[in-house]
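Structure first, then comments.
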Amino acid sequence: MLGSMSDRSRLSELRVPAVSELDLAKLRAGRLARLQTMLRRYDLPVALLYSTPNIRYATGVDVMSVWTAGTFARYCLVPAEGAPILFEYSGSIHVSQKRVRDVRPAYTWRFGGVAARAKAREWAGSIRSALRELGLERERLAVDKLDAPGLLALQDENIAVTDVGPATVDAREVKTPEEVQLFALNGSIGDAMLAEFEAAIRPGIREYELLAVLSDSLLRRQGEGLFTRLVASGTNTNPWLTEAHDKLVMPGDLVGVDTDANGYEGYVIDVSRTFLCGDQASPEQKEAYRVAAECVNGMFDLIRPGMSFEDFARKAPRLPGPYVAQRYPTMVHQAGLEDEGPGIPYPDDERGPRRIMPEREIKENMVLCLECYAGKVGAPFGVKLEDQVLVTAGGPRLVCTYPFDATLLGG
């Protein structure tokens, strides 16, 4: 059985700054300094970054992130010492030049067909030339992602490639003071999104219309966009992860939502709530809701700096037997400029490929998302809840404070 419900307050304990208070230059400088510190720690003299969040973390610049994420259209070289070189999509160079001193046109071979290999070799030659400028021509190049033509072209140039992941993960998992400010700001945006979403729930509204309410609420507050469409109602809530359809919300339906948003300056707002359409929940709905709420609250109460991921996983609340088969893929993941990792898996999860328990510990100024899905196999509903928290020396603090559904929590 799960422990008793925590009666902790959901009042915000993080001061929400005004946008005018944010020092974005200091934010960008602090992130680059952390990244370069980790490059040196792992003896990586220079990194080649294609991942959109990694580029933004290193340079402070984001250009058409949804499109560029899948097209290999822009990249940057980040030396462990000195300023990055940003290779930008040619039509957007003027955007990046507002923040980055050294911006050059990017090479691309996407959709090149048989001509791709030749263009990629030209690109690899330009990478070697830039490394020569930096005095790093003979050093290993730490890369986050490449496609096959890119990797083969670097091999043709005899450029030794290694993985930058250890450095980028370690840099990004602990937030700078300016990043913490942005999470507090985006937490207030998340609360407003959920309030407007809940207010819009009524019989006859369609799931995609509720998704539009969520997106509109985000965009009107200078957020950047949703990265999933996780709005579901009634039978679409079981199993979880069905995205918004044209289904009508009916009286008595549970309505689940995962915000999955990039907020102001791109920082993730990742909170889940399940609401009742109506004012009379069934005993079975209340049971599932209480199971999910006790799981999330139990994880919250467990968090402290210095605790290993494995210790957390072993001590975290266990779901009752009927809810185990469809539990969420992981208990905890991290958040920053995207949903990040490593996360904390269930220690006894045997579904699909075995998940490896990371040999890591919870640290102050991490941002964690605590997730639980409670739905019995074959049931006509399920409950998804998730809280986003900042780890402080005194324990976790809620990023978003929007309350759980009082009707579903009722006895």
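The values are calculated or read from the model by the stated rules, or taken from the named source; none is laboratory data. As the structure is a prediction and not an experimental result, all values here were calculated from the model. Don't worry about glycine lacking a Cβ; one is built from the backbone with ideal geometry, like all the others, and counts go over all protein chains shown. The area values use the complete protein model at the heavy-atom level, side chains included, leaving out ligands, DNA and RNA. Shrake-Rupley method; radii C 1.70, N 1.55, O 1.52, S 1.80 Å.
Worth pointing out:
- Take every DSSP beta bridge whose two residues both sit in the chain; close to 80 percent of them are antiparallel.
- Charge dipole magnitude, Cβ of K and R +1, D and E -1 - region 100-155, Cα centre, debye nearest 20: 100
- Surface accessible to a 1.4 Å probe, HIS94 within the full protein complex, Å²: 110
- Accessible area expressed per residue, the chain, with surrounding protein chains retained (probe 1.4 Å, Å²): 42
- For the chain, with all protein chains in place and a probe radius of 1.4 Å, 52% of the accessible heavy-atom surface sits on carbon or sulfur.
- With coordinates expressed along the principal axes, the C-alpha atoms belonging to the chain extend over 69, 46, 44 Å, beginning with the largest.
- On full extension, the segment bounded by LEU241 and ALA406 gains 57.0 nm, given 0.36 nm per residue less the C-alpha separation.
- Pairs from the list LYS286/LYS315; LYS26/LYS98; LYS98/LYS119; LYS26/LYS175; LYS363/LYS384; LYS26/LYS145 with a Cα-Cα gap above 19 Å: LYS286/LYS315; LYS98/LYS119; LYS363/LYS384; LYS26/LYS145.
- Relative intensity of region 187-284 on a log10 scale, I(q)/I(0) at q = 0.13, 0.15, 0.20 Å⁻¹, equals -0.40, -0.53, -0.90, per a Debye sum over C-alpha point scatterers of equal strength in the absence of solvent.
- Cα-only radius of gyration and Dmax that characterise region 115-268, units Å: 22.8, 67
- Helical contribution to [θ] at 222 nm, DSSP H n ≥ 4, -39,500 (n - 2.57), averaged over the chain, rounded to 500: -10500 deg cm²/dmol
- By the Cα gyration tensor, region 60-175 has an equivalent ellipsoid whose semi-axes, rounded to whole angstrom, run 21, 19, 15 from largest to smallest.
- Basic side chains Lys and Arg get +1 at the Cβ, acidic Asp and Glu get -1 at the Cβ, and with that the dipole of the chain about its Cα centre reaches some 780 debye.
- About the Cα centre, charge dipole magnitude for region 25-165 (Lys/Arg +1, Asp/Glu -1 at Cβ), debye: 440
- The separation of region 20-99 from region 298-354, counted between C-alpha centres, amounts to 31 Å.
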